[in-house]
Amino acid sequence: SLRASRYGAPYLGVRLSSKSAVAVHRRSQTASKYHGMAEIMSKGYWIVRVDITEPEAFKAYVASNSTALKIFGAKYLARAGTFTTVEGTTRSRNTIVEFPSYQHALDCWHSAEYQEARALRSNAAEIDIVIVEGYEGPQLS
C-alpha cells in the first residue's frame, strides 16, 4: 500500500490501495504544474442535495464515504442542517463539502474509494452533486 502525495504534501497520511495509489499517481502527473502551489489554488466544493429513500443503506454510504473524504482533505461546511428554500426546488438534505482545491474535489469523486461508497447508495437516495471551483477574485466592498 502506498501513501498518496500531491501538491508537496501527503493526503493526511491515509494509506491507499495499490489501485488507488496508481490512479492518484496518474492524476498527479497530469496536474504536475500545480506542484507546490496548493496555497494559491482555489478551493473546491461539493454541493450535495439529497432525498433519502432507504435510510439504513444511506447510513452505510455515509460511513463508507468518509475514507475518500479524509484522503482528499475534505471538511464539512454544512451538513444536513436547517435550511430555507427561498427560490427554486430543493431536496430534504443539503451538504457542502470543502476541499483544498478544485482538483482535490474532482479526484475524490473519481477515486476508487468514493466510487465504492457511491455504489452503496445506488438505491438509497436521489442525489444531485455539483463540484464547484472556489472564487478568488475581488469581493464586494
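The values are calculated or read from the model by the stated rules, or taken from the named source; none is laboratory data. It should be emphasised that the depicted structure is a prediction, and the values quoted were computed from it without experimental measurement. FYI the Cβ positions are ideal-geometry reconstructions off the backbone, even for glycines, and counts take in every protein chain you see. Just so you know, the surface numbers come from the protein's heavy atoms only, side chains and all, with ligands and any DNA or RNA stripped out. Shrake-Rupley method; radii C 1.70, N 1.55, O 1.52, S 1.80 Å.
Structural remarks
- GLY73 being surrounded by fewer than 17 Cβ atoms within 10 Å (Cβ to Cβ) and more than 17 Å from THR53 (Cβ to Cβ): no
- The one condition in (1) closer than 14 Å to ILE47 by Cα; (2) open to solvent by less than 60 Å² (accessible area, probe 1.4 Å); (3) modelled with pLDDT of 95 or more that ASP107 fails to fulfil: (1)
- Those residues of region 97-141 which are touching a helix residue (DSSP H, G or I) at 6+ places or on another chain (Cβ under 7 Å) and charged (D, E, K, R), in sequence order: ASP107, GLU113, GLU116, ARG121, GLU133
- Filter pass, VAL48 being exposed (fewer than 12 other Cβ atoms within 10 Å of the Cβ) and either within 14 Å of the chain's Cα centre (by Cα) or modelled with pLDDT under 95 (or both): no
- Members of region 128-141 found to be modelled with pLDDT under 95 and not charged (D, E, K, R), listed by number: TYR135, GLY137, PRO138, GLN139, LEU140, SER141
- Taken over region 53-96, the criterion of being touching a helix residue (DSSP H, G or I) at 6+ places or on another chain (Cβ under 7 Å) and either over 16 Å from ARG121 (Cβ atoms) or not aliphatic (A, V, I, L, M) (or both) is satisfied by TYR61, SER64, ASN65, THR67, ILE71, PHE72, GLY73, ALA74.
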